[in-house]
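The values are calculated or read from the model by the stated rules, or taken from the named source; none is laboratory data. Because the structure is predicted, anything quoted here is derived from the model rather than measured. When we count neighbours, we look across all protein chains shown, and the Cβ atoms used for this are built from the backbone with ideal geometry, even at glycine. Surface accessibility is based on the protein's heavy atoms, side chains included, excluding ligands, DNA and RNA. Shrake-Rupley method; radii C 1.70, N 1.55, O 1.52, S 1.80 Å.
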Amino acid sequence: ATRRATMGEAPEPGTQAPLAAVSKVELRVSCKHLLDRDTLNKSDPCVLLLMQTQGQWMEVDRTEVIKSNLNPVFAKIFTVDYYFEEVQKLRFEVYDSHGHAGVGTHDDDFLGGMECTVGQIVAQKRVTKPLFLKYGKFAGKSTITVISEEISGNNGYVELAFRAKKLDDKDLFSKSDPFLEIYRVDDDRSEQLVYRTEVVKNNLSPIWEPFKVSLNSLCSCEEKRKLRCVVWDYDSRGKHDFIGEFYTTFEEMQKAMGENKVQWDCMNPKYKIKKRNYKNSGVVVLLDLKIHRVYSFLDYIMGGCQIHFTVAIDFTASNGDPRNSCSLHYINPYQPNEYLKALVAVGEICQDYDSDKKFSALGFGARIPPKYEVSHDFAINFNPDNDECEGIQGVVESYQNCLPKIQLYGPTNVAPIISKVARVAADEERTKEASQYFILLILTDGVVTDMADTREAIVRASYLPMSIIIVGVGNADFTDMQILDGDDGILRSPKGEPVLRDIVQFVPFREFKNASPTALAKCVLAEVPKQVVEYYSYKAFPPRCPQSETPDSNLSSPQ
């Protein structure tokens, strides 16, 4: 499970580790002056978005098809991950679609393409470029415009459900076929399409499907920003008839929360002037509005969520006698062994997120004093009431002190330690707030013996605020351990119950032997921010006290 780093490189001495978390970017597309490929009516354009990975162009997504329109504004929003540290090449291809045959089959349906990078669009916010046909030929005067918006962490999205009543009838032999468009009015008075509903055929009182939009795209997260809503009667030739419009704001829409409904007169300004007793061209009703806040890892950390770090060390006999220099537990005064290297690399990053800098340190698979019975979850400082050590250095010292006192044994059972941390995490979960998240780092030299119990314990743990990182030390065959890392498929308990979320990251240390210790930490911790956010989102726990909100600002923004 090699992923990109999200928690940042090793920090400079005395600085906080930077968090280069991935941003998501929304892209909206429109075209002007497209070529007309159809003899009888205008082209039916559709835009494909391709991304370059390892030199290959792969289709990521495509817009809807807009019938008979050479200046289409597409409602589809493309969402792409943005990595500041990478050049991400994009290609937009416009095709004339023929419905049945799909898109992009014939050269004569190709209306032009454009290439750029995510970075260019993000930096300029709005990019307009000419479309090119093959061999660098201009596609007439055709252009494509791409507008980008970052979905910032503290943003969230809103779910809206609209209907209309008694709309004007625009069709001679049947009733209107209405659809609704919502535009955001920007500071420069330009309008940005936020959403276009589906068409409800032959119905003057349509109920449109509920839909979700990000607060960023709806109103740039400003509740008082003007929104223009327009109702049209759909026409298959692209000449839609205007039924009416109204203006509103997100602030006004929020009155529709709970049992309330909000409604607007749908007005046709021309009729208002012409007809003396004109009231409206129908009413539009907002039946329901739900706000879903979306938080980032940083929001939780800044809200005071502590990362509690536990390390579990394998003391089974297969490691070799610690007094022998071939042993994985050999203490060489000049060179830390693999256990220590892995522990320090991961621990140093975690300690930045733990205010008390106390780490629980446990051992398994050894016979321990006084009775020399095998234990699978003993405190390596031999204090059963408090297994915490002061900082990473405290863990290192406890590890070195305990080696001479224990007898390496077996088997390699890790379920007891997973369950032990899970019990603490379960107590934390009962507080119903995002205050502590647990990371368990298991360092082991072999494949676990109690695989069935371990799988069961991981499925249980996936419902709790915890993540598990397993680092395989030494040269054993770790193939079976890859099962625990849900990347190749979903991990299931022996009874077939799937994990709620993928919480295990497995890495063989040897893959990082020659790399810097930061590379190991980067790899195993890359998933953690996502796992933290997934857990609290599933539980619907918000961050505790975001520092951005002073007590005064709560008055102005209804949360």
Complete set of residues in segment 160-190 that are under 20 Å from residue 64 (Cα atoms) and in a strand (DSSP E or B): 178, 179, 180, 181, 182, 183
Restricting attention to segment 527-542, does a residue exist that is acidic (Asp, Glu), assigned to a loop (DSSP other than H, G, I, E, B) and in the same structural domain as residue 458 (by the TED database)? yes
Single residue of 209, 191, 222 found to be open to solvent by 10 Å² or more (accessible area, probe 1.4 Å) and closer than 26 Å to residue 81 by Cβ: 222
What's the total number of residues in segment 499-540 that are open to solvent by 50 Å² or more (accessible area, probe 1.4 Å) and under 19 Å from residue 351 (Cβ atoms)? 3
For segment 431-460, which positions are out of contact with any strand residue (DSSP E or B) (no Cβ under 6 Å at 6 or more places or on another chain) and charged (D, E, K, R)? 432, 433, 450, 453, 455, 456, 460
Within segment 447-498, work out how many residues are surrounded by 20 or more Cβ atoms within 10 Å (Cβ to Cβ), among the hydroxyl-bearing types (Ser, Thr, Tyr) and over 26 Å from residue 435 (Cα atoms). 1
Output the number of residues of segment 380-402 satisfying the condition of being open to solvent by less than 40 Å² (accessible area, probe 1.4 Å), in contact with a Pro (Cβ under 9 Å, 6 or more places away or on another chain) and part of a loop (DSSP other than H, G, I, E, B). 0
Failed item in (1) modelled with pLDDT of 90 or more; (2) open to solvent by less than 10 Å² (accessible area, probe 1.4 Å), with residue 156 passing the rest: (1)
So how many residues does segment 215-239 have that are in a strand (DSSP E or B), in contact with an Asp or Glu (Cβ under 7 Å, 6 or more places away or on another chain) and of a type outside the set (Val, Ile, Thr)? 4
Being acidic (Asp, Glu), in a loop (DSSP other than H, G, I, E, B) and closer than 30 Å to residue 287 by Cβ, is that true of even one residue in segment 152-159? no
Check on residue 368, of a type outside the set (Gly, Ala, Ser) and closer than 15 Å to residue 439 by Cα: no
Which condition number does residue 265 fail, the rest of (1) at pLDDT below 95; (2) farther than 15 Å from residue 208 by Cβ being met? (1)
Pick out the one residue from 189, 196 that is under 30 Å from residue 40 (Cβ atoms) and out of contact with any helix residue (DSSP H, G or I) (no Cβ under 8 Å at 6 or more places or on another chain). 196
Return yes or no: is residue 405 open to solvent by 40 Å² or more (accessible area, probe 1.4 Å), in contact (Cβ under 8 Å) with a residue 24 or more places away in the chain and closer than 24 Å to residue 320 by Cβ? yes
